[in-house]
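Structure record follows, encoded as C-alpha cells.
The values are calculated or read from the model by the stated rules, or taken from the named source; none is laboratory data. Keep in mind that what you see is a predicted model, and the values were worked out from it rather than measured. Here Cβ is always computed from backbone atoms with ideal geometry, including for glycine, and neighbour counts include all displayed protein chains. Just so you know, the surface numbers come from the protein's heavy atoms only, side chains and all, with ligands and any DNA or RNA stripped out. Shrake-Rupley method; radii C 1.70, N 1.55, O 1.52, S 1.80 Å.
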Amino acid sequence: MSCSCWSRCKQSISEMNLKIKIAIAILAFIHISLAIARKSTDGVAHHRLVRLHTMLITSTVMLTSSYYMWKRINFSIKSLLPSPNPVGNRRLRLLCLQDVAQALLLLFLFLSHIALFFYYILLGPEPNVIAITALSFIACYAHILIFLLIADILYYSTRIIHNRVSANSVHTYLHENRSFHIMLAVILGFMFMFGGLYTTHTDPIVREASIPMNKFQTSGGNVSIALLSDIHIGPSVGRTRIARIVEMTNALKPDIIAIAGDLADGLVRDFHGAAEPLCNLKAPGGVYFATGNHEYMHGNVTEWFWFLENCNITILHNQNKHITINGQQMCMAGADDIYAVRAHVPGHGMDLNKALSTCESDSTNVLLAHQPNAAKVVLNDSNLSKKVNLILSGHTHGGQMYPFVPIVHIANAFVRGQYYDKKTDTYVYVSAGVNYFGPPIKIFGGCEIIFITMNSNP
C-alpha cells in the first residue's frame with residue numbers, strides 16, 4: 001500500500017472515530033438532561049419523561065446488541081448459504097440467497113428497534129398488525145441474543161482450554177460447526193416466539209384455589225373471588241381479548257372480582273375502546289381495583305380512576321370497603337403500588353396503615369397489593385399482619401418469558417401461586433396475570449384467571 005493510500009485510510013479512521021465520539025457525547029447529554037428533568041417533574045409530565053428515557057436507554061443498549069447479532073448471524077449466513085454463481089442459469093445468478101437473508105435480518109432488527117414506538121403511535125381499540133409483529137420480534141430478539149451469548153460462552157471457554165491447557169475434541173466440534181450453532185440460536189428464538197404467541201392468542205387458563213378462613217362463620221357460606229391481575233391493555237392487548245376475559249370471568253359467577261393492578265399501558269384517550277368491556281364485569285359483592293406500577297409508568301392514573309368509577313368498579317386507593325356476602329363479614333382493602341412514591345404523582349403512595357385502618361379483627365380481611373414485595377412488608381409488620389387474612393398480588397407474570405423466570409425469583413418475595421405464612425396465619429396468592437406486557441409472548445399456561453374459594457376452616 002502506498003503512503004498516500006495509507007494516509008487516506010488513517011484520515012478516514014480518524015474522521016470515523018471523531019463522529020463516534022460526537023454521537024456518544026450527544027447521547028450522554030440527552031440521557032443526563034432527561035435524568036435531571038425526571039427529578040424536577042411530577043405527575044403526568046414525570047411519567048412521560050420516564051417512558052421516553054426508558055425507550056432511549058433501551059434503544060441505546062440495543063444498538064450494541066444488534067451490532068453483535070448482525071456480526072454473528074451474518075457470519076453464519078455467509079458460511080451456510082451459497083454466494084452468487086457467475087456460471088449457470090441466469091435467473092439463479094440474479095438470486096443471491098445471502099442478500100435475501102441479510103435483507104430479512106436487517107428488517108428483523110429494524111422492526112425490533114422500533115417496537116417501543118408503538119406505545120405512542122397506531123393506537124386504538126384493537127392491536128395494529130405492524131405493532132404486534134414488531135413487539136413479537138423484540139421478544140424473539142431477546143431469546144436469540146441469549147442463545148447467541150450462551151453459544152459464544154461455550155465456544156470461547158472451550159477455546160481457552162484448547163489453546164492453553166490441552167487440545168480437546170469439544171472445541172474442535174464447536175469450531176467446525178459454529179455456523180450451524182449460530183443458526184440454531186436463531187431457530188430456537190423463533191420457536192420460543194411462536195410458542196409464546198400461541199399462549200397469548202388462546203383463552204387464559206382458569207386456575208382454582210381453595211383457601212380456609214378461620215374467621216368465617218360456620219353458619220355462613222363460602223365466598224368466591226375471581227382475581228384478575230396484569231390486564232395490560234395497550235398496543236398488543238385490545239378490545240376482543242378484554243371482552244373474552246370478561247366473558248370468562250362472569251361465567252365463573254364469582255361473589256367478588258378483584259383487579260390487582262397493571263390495568264393499562266397508556267392513556268384513556270387511546271385505550272378507552274379496548275377497556276370498555278370491563279364495564280360488563282359483574283359480581284354481587286362488587287368489583288375492586290388497586291393500582292399497579294404501570295398505572296404510574298404508562299398512563300394518567302387519575303383518568304383511569306374516573307373511567308373505572310364510571311364502570312361501577314370500586315377504587316381502593318389506600319382505602320377499604322366493608323361488605324357482607326353469603327353471611328360472611330369481609331373488609332376489601334387495597335393499597336397503592338410500591339412504585340407510586342417514585343412516580344411523583346401527588347396524593348399517591350403505598351400507605352398500608354391507611355388501607356387497613358378500619359378493617360376489624362373480627363372480619364375476614366382481603367388486601368389487594370400489586371407487587372408481592374408489598375405482601376412481604378405486611379407480613380413483616382406485626383400490627384399490619386394482624387389485620388390481613390389474604391393478600392392478592394400479581395406483577396411477576398411468572399417471568400413472562402422463560403429466560404426471565406430466574407430473575408423474578410430473585411427480585412420478588414413471592415413469585416406465583418398460593419403461599420401460607422404460618423407465623424401470621426396469612427395467605428398470599430400471586431397471579432401470573434391474565435395477559436402480558438409488551439410482546440404478546442408468554443410461557444405456556446402463563447395467562448390465567450384465578451378463582452379462589454374461601455371456606456370455613458374445618
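Take the stretch 305-326 and flag every residue that is in a helix (DSSP H, G or I) and either open to solvent by less than 40 Å² (accessible area, probe 1.4 Å) or touching a His at 6+ places or on another chain (Cβ under 8 Å) (or both). Even if it seems obvious, please write down each step before you answer.
Narrowing the stretch 305-326 to residues in a helix (DSSP H, G or I): 305-310.
If the condition is that a residue be in a helix (DSSP H, G or I) and either open to solvent by less than 40 Å² (accessible area, probe 1.4 Å) or touching a His at 6+ places or on another chain (Cβ under 8 Å) (or both), then Phe305, Phe307, Leu308 are the ones that fit.
Taking the stretch 210-237 only, how many residues are of a type in the set (S, T, N, Q), within 32 Å of the chain's Cα centre (by Cα) and either surrounded by fewer than 24 Cβ atoms within 10 Å (Cβ to Cβ) or over 29 Å from Tyr436 (Cβ atoms) (or both)? Please lay out each step first, then the result.
From the stretch 210-237, those of a type in the set (S, T, N, Q) are 210, 214, 217-219, 222, 224, 229, 236; that's our starting set.
Checking the rest, the ones that are also within 32 Å of the chain's Cα centre (by Cα) come to 210, 224, 229, 236.
Applying the additional criterion that residues be either surrounded by fewer than 24 Cβ atoms within 10 Å (Cβ to Cβ) or over 29 Å from Tyr436 (Cβ atoms) (or both) yields 210, 224.
Here the count works out to 2.
May I ask you to list the residues in the stretch 49-62 that are of a type in the set (Val, Ile, Thr) and surrounded by 18 or more Cβ atoms within 10 Å (Cβ to Cβ)? Spell out how you get there, then give the answer.
So the first thing to find is which residues in the stretch 49-62 are of a type in the set (Val, Ile, Thr), and the list is 50, 54, 57-58, 60-61.
Across the stretch 49-62, the qualifying residue is only Val50.
Of the residues Thr249, Thr240, which is open to solvent by less than 10 Å² (accessible area, probe 1.4 Å) and either among the polar types (S, T, N, Q) or in contact with a Ser or Thr (Cβ under 8 Å, 6 or more places away or on another chain) (or both)? Can you show your working first?
Working: Thr240 fails: open to solvent by less than 10 Å² (accessible area, probe 1.4 Å).
On inspection, the qualifying residue turns out to be Thr249.
State which residue is modelled with the lowest pLDDT when the search covers only the stretch 256-269 and only residues that are within 22 Å of His370 (Cβ to Cβ) and open to solvent by 10 Å² or more (accessible area, probe 1.4 Å). Working first, answer last.
First, pick out the residues of the stretch 256-269 that are within 22 Å of His370 (Cβ to Cβ): 256-268.
Right, trim to open to solvent by 10 Å² or more (accessible area, probe 1.4 Å) and you get 267-268.
Numbers: Leu267: 91, Val268: 94.
Step by step, filter the stretch 256-269, then rank; the result is Leu267.
Going by the structure shown, is Val206 open to solvent by 40 Å² or more (accessible area, probe 1.4 Å), of a type in the set (A, V, I, L, M, F, W, C) and either in a helix (DSSP H, G or I) or within 30 Å of Gly124 (Cα to Cα) (or both)?
Numbers: open to solvent by 40 Å² or more (accessible area, probe 1.4 Å): yes; of a type in the set (A, V, I, L, M, F, W, C): yes; either in a helix (DSSP H, G or I) or within 30 Å of Gly124 (Cα to Cα) (or both): yes.
Against the criterion (open to solvent by 40 Å² or more (accessible area, probe 1.4 Å), of a type in the set (A, V, I, L, M, F, W, C) and either in a helix (DSSP H, G or I) or within 30 Å of Gly124 (Cα to Cα) (or both)), Val206 qualifies.
As an exercise: evaluate Gly433 against (1) at pLDDT 95 or above; (2) open to solvent by 50 Å² or more (accessible area, probe 1.4 Å) and give the number of the one condition it does not meet.
Only one criterion is unmet by Gly433, namely (2).
Confirm whether Ser169 is hydroxyl-bearing (Ser, Thr, Tyr) and surrounded by 20 or more Cβ atoms within 10 Å (Cβ to Cβ).
It is false that Ser169 is hydroxyl-bearing (Ser, Thr, Tyr) and surrounded by 20 or more Cβ atoms within 10 Å (Cβ to Cβ).
May I ask you to say which residue of Asn300, Asn318 is in contact with a helix residue (DSSP H, G or I) (Cβ under 6 Å, 6 or more places away or on another chain) and farther than 23 Å from Ser393 by Cβ? Give the steps one after another, and end with the answer.
Details: Asn318 fails: farther than 23 Å from Ser393 by Cβ.
None of the others qualify; the one that does is Asn300.
If Thr426 satisfies every condition in (1) under 25 Å from Leu263 (Cβ atoms); (2) open to solvent by less than 10 Å² (accessible area, probe 1.4 Å) but one, which is the exception?
(1)
So in the stretch 436-458, with the set limited to residues that are at pLDDT below 95 and over 21 Å from His201 (Cβ atoms), which one is most open to solvent (accessible area, probe 1.4 Å)?
Filtering first and then ranking leaves Pro458.
Select, from Val268, Val223, the only residue that is over 29 Å from Asn455 (Cβ atoms) and hydrophobic (A, V, I, L, M, F, W, C). I'd like the intermediate steps shown before the answer.
Details: Val223 fails: over 29 Å from Asn455 (Cβ atoms).
Exactly one of Val268, Val223 is over 29 Å from Asn455 (Cβ atoms) and hydrophobic (A, V, I, L, M, F, W, C), namely Val268.
Sort through Ser65, Ser76 and tell me the only one that's at pLDDT 85 or above, surrounded by 14 or more Cβ atoms within 10 Å (Cβ to Cβ), under 27 Å from Gly438 (Cα atoms) and among the small types (Gly, Ala, Ser). Give the derivation first.
Working: Ser76 fails: under 27 Å from Gly438 (Cα atoms).
Checking each option against the conditions leaves just Ser65.
Test of understanding: among Ile211, Ile225, Ile257, which residue is part of a strand (DSSP E or B), under 30 Å from Ser363 (Cβ atoms) and touching a helix residue (DSSP H, G or I) at 6+ places or on another chain (Cβ under 8 Å)? Walk me through it before giving the result.
Working: Ile211 fails: touching a helix residue (DSSP H, G or I) at 6+ places or on another chain (Cβ under 8 Å); Ile225 fails: touching a helix residue (DSSP H, G or I) at 6+ places or on another chain (Cβ under 8 Å).
Ile257 is the lone residue from the list that is part of a strand (DSSP E or B), under 30 Å from Ser363 (Cβ atoms) and touching a helix residue (DSSP H, G or I) at 6+ places or on another chain (Cβ under 8 Å).
Out of the residues in the stretch 109-141 that are of a type outside the set (Phe, Trp, Tyr) and without any contact (Cβ under 8 Å) to a residue 12 or more places away in the chain, which is least open to solvent (accessible area, probe 1.4 Å)? Give the derivation first.
Our first condition is that a residue be of a type outside the set (Phe, Trp, Tyr); within the stretch 109-141, this holds for 109, 111-116, 121-136, 138-140.
From what is left, the residues that are without any contact (Cβ under 8 Å) to a residue 12 or more places away in the chain are 121, 129.
Details: Ile121: 84, Val129: 108 Å².
Going through the qualifying residues, I end up with Ile121.
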